[in-house]
Amino acid sequence: MNWLLVVEQCLNGLQFGVMLFLMAAGLTLVFGIMNLVNLAHGSLYMVGAYLATAAVTRTGSFLAAVVFALLGTLAIGMLMEVLALRTLYERDHLDQVLATFGLILFFNEAVAIVWGRAALFTAVPSALSGHIQVLPGIRYPAYRAVIIVVGLLVALLLYVVVTRTRLGMLIRAGASNRTMVGALGVNIRLLYTVVFGFGAALAALGGLMAGPIYTVLPGMGEEILIQVFVVIVIGGIGSIRGALAGAVVVGMVDTLGRAFLRPMLSTVIGPSAADNAGPALASMLIYILMAAVLYFRPQGLFPALRG
Amino acid sequence: MSHSGLVGVYLSVHTPRYCTYDAAFAGKLAHPDFQAVRDGLVAQGRHVATLAPDAIVINSCHLIATFPTVVDGTPRHAGVLTAQEAPELIHGVAYDFPGDFELAAALVERGRAAGLPCTLANDVHYPLDYGTVMPVVCYLDRAQRIPVVPISVCLSADLDESFAWGRHIARATAALGRRAAFVASGSVSHKLVRGPERWPGAAEQELDHRLAQLIADGEYDKAWAWLRSVVRQRQLRHLADVLEFRAKPKEASVRVLRLMMILGVVVGLLAGQAARAAETVKIGFITSLSGPAGVIGKHMKDSVELALDHLGRKVGGLDTEVIYGDDQRKPDVGKQLADEMLKKHKVNFVSGIIWSNVMLAVAPTVTGAGTIMVGTNAGPHELSGKMCNELYFTTSWQNDQTPEAMGKYMQDQGINDVYAMAPNYAAGKDMINGFKRYFKGRIVDEVYTKLGQQDYQAEISQLRGKNPKAVFVFYPGDMGIQFLKQYAQAGLRDQIPLYSVYTVDETTLPAVGDAALGNFEARYWSPDLKNEASQRYVADFKKKFGYTPSYYGAQSYDGILLIDSAVRAVKGDLSDKKGMVAAMRKADFKSTRGKFTFNVNHTPIENFYLLRAVKGPGGETEMQIQKTIFENHKDAYYHECPMKW
Amino acid sequence: MTLRLEAVEAAYGLSQVLFGITLEVPAGRVVTLLGRNGMGKTTTVRAVMGLVPIQAGRVHFGGRPLHGLPSYIVARAGLGLVPEGRQVFPNLTVRENLVATAANRRGAAEPWTVERVFELFPHLAARARSLGGTLSGGEQQMLAIGRALMTNPALLILDEATEGLAPLVRSEIWACLERLKQSGLSILLIDKHVGAVTRLGDHHYVLEKGRVVWDGTSAELRTRVDVQHRYLGV
């Protein structure tokens, strides 16, 4: 096995991981703090991708598209929290799942009505369409490298916000005891709306970065959402650190599994058996990992401290 | 089909020899000549099942009353039947089906008000004859769930009275809001003979065929006049038969027969019109309408709608209802949809299906229920081979055929060192197998990815590591968009030529853009194919929907036209499955691919072309036919299909 | 600023708990709510704070109506809650617990700071970086008081502030409350230690089954052995 290839695949895994992280961060905050299972988080990812694509088509500027998509999705997210989700906090998880599944259908149809069912074309911004020399012998697509950098920066920023700022303290305090936070003079509803809005913006960031490499399509958020749930279960629900760790682990395991599991299996069980078992097993790896984590550490790798 | 009144009329013969369980269920017949009649009765049963009437009014010429006409309103008909006239053939038949007291009482009320002598029976001991019981339990409603109202023949009734009863039955059921079926247990050629070898000959059977044909053609007046003459004509013959057989007053026996026939036909004429007006073709169309593959479903659905437009919204001349179902690319969802369409909507055809794994779940469900399945995309090899079925057709292709064409082309080009990739599901395996059937060069590696995978960067890194000379892929729908973009972003587009099937097409090009330029595809149809049907389809499609159609659409359009040709061939008789299958086998419609034929496995024998993504005159990337790779190409599995025709 | 409750009624779902509570906490005074467990003391506090909906009656603070308002607005009006069971944020450090909800909305001239809280409770200073969940019961109680003080309230409400604490810690808390009283802070106190509350408190209300059955000054309460025996189980 070529070690350069291994390094390159690790970069691929990292890149996939940070995409997952952007989704997982918002989802885990909302789940951890508001105790809300929001299946429609993938819809916000989709909305972000669509807004960015629409803006880039209109203005031609990727930067303008980023700003528009982030602010637009922030606003849509906050609106969604105020109109639809607020009434769900006190309901049980099944109600939340049903209601937010309804939102998925709503968003998918809304997007199809506005932009049509066909996939939209969106290109990598020309400044980032080249490759960069990561190491001697490894050229890596610049756009994907930027995703890694942006993802890690967002993780760092989130870490600072959550651990070092008043907002972060309130978010953590709210996760453990929302009543007490309110009784000490903090408008917890507004806090929730804001947190939800930022979670939405993070999903949009993931979506808008995904647009040029994946497909901008109605329903694009559902596929990744399942993997994001795996991430937060592995990482520990409600924990940003857990989301990052889980995302990177899932990204790596999935990517390296897809790349190397079949060749490795073929040395053990022979090439034809590996051809059959390899792809199936590779696509199951993250679920196997999740099952293992649930068995040995039901709280996840980095559980959030709760009251 | 929500009309009340008589919604179906059946002329059900009841010769004891094929009204036995052995004949009906096991198909054991005393004489091979009975086969056609027995099959006809089985078909009647299926029709009753799709019609699902609220009640069956049955008039058997062996249920005899003397002075009044007896209507049996017993709420539950349960008993053990030994036929008075044939105890050695029909004995100890336990039956238990519901009755309909309300309907029977309403009939008697109407009869009395019209001055017809009649009476209502409500008595579990009222004896039923084999002509009433056997057709019901053997053929028409084997489950014995539909309420039955037996009505007797009356020896004292005259011809006019018989006619009158037909009208009253039709009106009483309509007034009650019942959807009822009328069964005349007997036939025009009915005669009493000793021994099966003396049963009605061809000329006599023709009388029944003639009547059926007249009614089917809507020639009610002709049927009426003809029947009167036949009744008069045949009186004498029957008289002779009766005199030979039993000593009964001739007048009475003749009336038995007359009433049976006339009642049945009068009612048939009344109901025939109602039933015809209510006749609708229902087509269940299953595809992926939501999620990432929703765009393919949209191409297909829009094409179905265009086909309906071209047919004046009438498939086979009948009112048409298409019920769309969204399988979400999931086999279990597809199967549930098919079940729902068959059971709840009682569709006459199921069509559509993008994904082979969904098709493998749906097709057997549909054909197993005796309904015709017209696939319009997926072509898993099982269904063209060992699992082929009389009721399963596809207007697309068998999966292997297209990659075979690509394999042939690449082989002919002398290309070597190919890296092959496909999603890991039924069609993915078929595609690579098909490719390898004609491509004999070296295959560097063969990689299967998860169905619906979004990111191929890991696979692309592996691919680059192997340094192949060419890449062959099958990535339909959203997977294709992602793969092509990422392949281009990895800088491989200019380094390693990409050959694909079902990857670069009109559903993916708008989103892929220039990333597909120069790609080779193999295909049986493309919007630039030059023939009249195709050009009309493409032009009208663009006009109506504002975008360029794809082969997914062309196949679906063809599917509806194929169904249309079948319904037309049987003159709208949707119960005539054999007739429709026979018609479909001719592929007698204006296909968008031009004239083609079906192989024995109901898979098209068709041409395959080499396509290339080029810049169109408008600046957008489009597919262009380069050359014909295969002419009249057969799939590789038809030898395994045991079907003969 | 006087807190005034008039005929306040409250219920948990269908079961009514408060049947017309009327009481008053004048500015700068220490008022206590006494009574056995389950008589409605904590519910009264929760009703004031907007944590239990009020079915009838009114709550005013400094003349401003507070009934029916969400708890964060009640808190912003100047009520600082030290809740039953302390309820410090276990996943925040001591310093973060103090800072997270700190505010000086009424513009106090000498607002509470983390340093002043540490002065009041030197124990806490040593544990500034420890997580709330790792503190001892007494430390948590001090933290809960400090946290409420950091909102610079005009009225401090303490629900069972000395419950379950060691005698030494308990007296430290009492001493601290004495100092707060000296500083002019109004206090509404729920406690069971009649001896201690009669020393600190000015006026006392005894609750029985959701009603005020007796009220009076410390001197009066000391003489009413019958009240102490009958309602407080002393």
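The values are calculated or read from the model by the stated rules, or taken from the named source; none is laboratory data. In this text, all values refer to a predicted model and were calculated from it rather than measured experimentally. Cβ atoms come from the backbone with ideal geometry, glycine included; neighbour counts cover every protein chain shown. Remember, those area values only see protein heavy atoms, side chains included, never the ligands or the DNA or RNA. Shrake-Rupley method; radii C 1.70, N 1.55, O 1.52, S 1.80 Å.
Sort B:299-306, B:85-92, B:532-539 by packing, meaning the average of other beta carbons within 10 Å per residue, with the highest value first.
B:299-306, B:532-539, B:85-92
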message: Using +1 at the C-beta of Lys and Arg and -1 at the C-beta of Asp and Glu, which of B:294, B:11, B:181 has the Cα lying farthest in the positive direction of the dipole of chain B?
response: B:11
query: In square nanometres, what is one fourth of the surface area of the convex hull spanned by the alpha carbons of chain B?
result: 30.5 nm²
Minimum 50 Å² accessible area buried by the other protein chains, the range A:233-280 residues, probe 1.4 Å, relative to alone: A:258, A:262, A:279
task: At 1.4 Å probe size, with every protein chain present, just tell me what the per residue accessible area of the protein assembly as shown comes to in Å².
output: 39 Å²
Inter-part distance where the range A:65-133 and the range C:108-180 are each reduced to a Cα centre, Å: 45 Å
task: Could you check the simple spin-label distance between residue B:412 and residue C:134, using points 7 Å along Cα→Cβ, in nm with one decimal?
output: 7.6 nm
task: State, as an integer percentage, the relative contact order of chain B based on alpha-carbon contacts under 8 Å between residues 6 or more apart.
output: 12 percent
- line: Most packed first (mean Cβ within 10 Å per residue), the peptides B:565-576, B:146-157 order as B:146-157, B:565-576
query: What residues qualify as long-range amide H neighbours of residue C:8, i.e. H under 5 Å apart, gap of 5 or more or another chain, H built at 1.01 Å from N?
result: C:20, C:21, C:22, C:58
- prompt: Taking the mean number of other Cβ atoms within 10 Å as a proxy for protection, how do you rank B:116-127, B:481-492 from highest to lowest?
  reply: B:481-492, B:116-127
task: Would you compute, from DSSP H runs of 4+ residues alone, the mean residue ellipticity of chain B at 222 nm, taking -39500 (n - 2.57) per run and dividing by the full residue count, rounded to the nearest 500?
output: -13500 deg cm²/dmol
query: To the nearest 20 debye, what charge dipole does chain B have about its Cα centre, counting +1 at the Cβ of each Lys and Arg and -1 at the Cβ of each Asp and Glu?
result: 580 debye
field: Between helix C:167-182 and chain C: long-axis angle, C-alpha atoms, 0 to 90°, nearest 10
entry: 80 degrees
- line: Taking R0 as 45 Å and r as the Cβ-Cβ distance between residue A:268 and residue A:94, the FRET efficiency 1/(1 + (r/R0)^6), rounded to the nearest 0.05, comes to 0.55
- prompt: Build a GNM of chain C with springs between Cα atoms under 10 Å: which of C:163, C:96, C:220 gets the top mean-square fluctuation?
  reply: C:220
task: Convert each backbone phi in the range B:502-507 into a coupling constant with the Karplus relation 6.51 cos²θ - 1.76 cosθ + 1.60 (shift: θ = phi - 60°), then list the ³J(HN,Hα) values in order as whole Hz, x for Gly and Pro.
output: 6, 10, 9, 8, 6, 7
statement: Everything considered on the Cα gyration tensor (a ≥ b ≥ c; rounded for a/c under 1.5, else prolate if a/b is larger than b/c, else oblate), the range B:528-623 must be described as prolate
- line: Inter-chain shielding metric for C:130-139, i.e. average beta-carbon neighbours from other chains within 10 angstrom, reads 1
statement: Excluding ligands, DNA and RNA, the carbon-plus-sulfur percentage of the accessible area of the range C:92-152 with a 1.4 Å probe reads 50 percent
statement: Note, the range C:93-106: 3J(HN,Hα) by Karplus (6.51, -1.76, 1.60, θ = phi - 60°), whole Hz, Gly/Pro = x, goes 6, 4, 4, 5, 4, 6, 7, 3, 10, 4, 6, 10, 6, 9
statement: Once amide hydrogens are built 1.01 Å from N within the peptide plane, the residues lying 5 or more places from residue B:351 or on another chain with amide H under 5 Å from its amide H are B:284, B:285, B:286, B:374
task: Compute the separation of the alpha-carbon centres of the range B:31-83 and the range B:568-610 and state it in Å as a whole number.
output: 36 Å
message: How big is the dipole moment of the range C:92-152 about its Cα centre under a simple scheme where the beta carbon of each Lys and Arg is +1, that of each Asp and Glu is -1, and everything else is neutral? Debye, nearest 20, please.
response: 140 debye
query: Under the Karplus relation 6.51 cos²θ - 1.76 cosθ + 1.60, θ = phi - 60°, what is the ordered set of whole-Hz ³J(HN,Hα) values for the range B:370-385, x standing for Gly and Pro?
result: x, 10, 7, 10, 10, x, 10, 7, 4, x, x, 5, 4, 6, 9, x
query: Name the residues of the range B:424-445 whose accessible area falls by at least 10 Å² when all protein chains are present instead of the chain alone, probe 1.4 Å?
result: B:424, B:429, B:445
Angle in degrees between helix B:356-368 and the longest Cα principal axis of chain B, rounded to the nearest 10: 10 degrees
field: Interface size A-C, as summed buried accessible area [1.4 Å probe, Å², nearest 100]
entry: 1900 Å²
- request: Treat every Asp and Glu Cβ in the range B:401-523 as -1 and every Lys and Arg Cβ as +1, leave all other atoms uncharged, and give the resulting dipole magnitude about the Cα centre to the nearest 20 debye.
  value: 400 debye
- prompt: Modelled label-to-label distance, residue B:323 and residue C:219, 7 Å Cα→beta-carbon offset: nm?
  reply: 9.0 nm
field: Given charges at Cβ of Lys, Arg, Asp, Glu: the protein assembly as shown dipole, positive-most of C:61, A:182, B:152
entry: C:61
field: With every protein chain in place, the range B:401-523: carbon and sulfur % of accessible area (1.4 Å)
entry: 43 percent
query: What residue among C:83, C:167, C:65 has the largest mean-square fluctuation in a Gaussian network model of chain C, using Cα springs under 10 Å?
result: C:167
message: Give me the mean projected area, in nm² to one decimal, of the convex hull enclosing the Cα positions of the range C:92-152.
response: 3.6 nm²
task: Using all C-alpha to C-alpha distances in the protein assembly as shown, build P(r) with 10 Å bins and read off the rounded percent in each one.
output: 2, 8, 14, 14, 12, 11, 11, 11, 9, 5, 2, 1, 0, 0
- line: Spelling it out for residue C:85: with amide H atoms placed in the peptide plane at 1.01 Å from N, the residues 5 or more places away or on another chain with amide H under 5 Å from its amide H are none
Cα gyration tensor category, rounded, prolate or oblate, for the range A:145-234 with a/c compared to 1.5: prolate
message: If the rule is a partner Cβ under 4.7 Å, which cysteines in chain B fail it?
response: B:19, B:61, B:118, B:138, B:154
query: Along the Cα-to-C-beta direction of residue A:153, a point sits 7 Å from the Cα; which residues of the range A:62-80 have their amide N less than 14 Å from that point?
result: A:63-64, A:66-67
Degrees, to the nearest 10: B:250-278 long Cα axis against longest axis of chain B: 30 degrees
- prompt: Given a Förster distance of 30 angstrom, what is the FRET efficiency for residue A:63 paired with residue A:189, based on the Cβ-Cβ distance and rounded to 0.05?
  reply: 0.35
query: Binning every alpha carbon pair distance of the range A:11-218 at 10 Å from zero, what are the percents per bin?
result: 9, 33, 33, 19, 6, 1
task: Extending each Cα 7 Å along its Cβ direction at residue A:3 and residue C:108, get the distance between those two points in nm, one decimal.
output: 6.3 nm
query: Using just the C-alpha positions of the range B:401-523 as equal point scatterers, what log10 of I(q)/I(0) does the Debye formula give at each q in 0.15 1/Å?
result: -0.58
field: Cβ neighbours within 10 Å from other chains - mean over B:285-294
entry: 4
- request: Give, as ranges by residue number, the residues of the range B:601-645 whose backbone N falls under 17 Å from the point 7 Å along Cα→Cβ of residue B:542.
  value: B:614-625
task: For residue B:31 and residue B:624, calculate 0.36 nm times their separation in residues minus their Cα-Cα distance, and state this gained length in nm to one decimal.
output: 207.4 nm
- line: Site residue B:466, offset 7 angstrom along Cα→Cβ, radius 19 Å on amide nitrogen, limited to the range A:1-34, gives A:1-10
Efficiency of FRET from Cβ geometry, residue A:165 and residue A:86, R₀ 22 Å, rounded to 0.05: 0.35
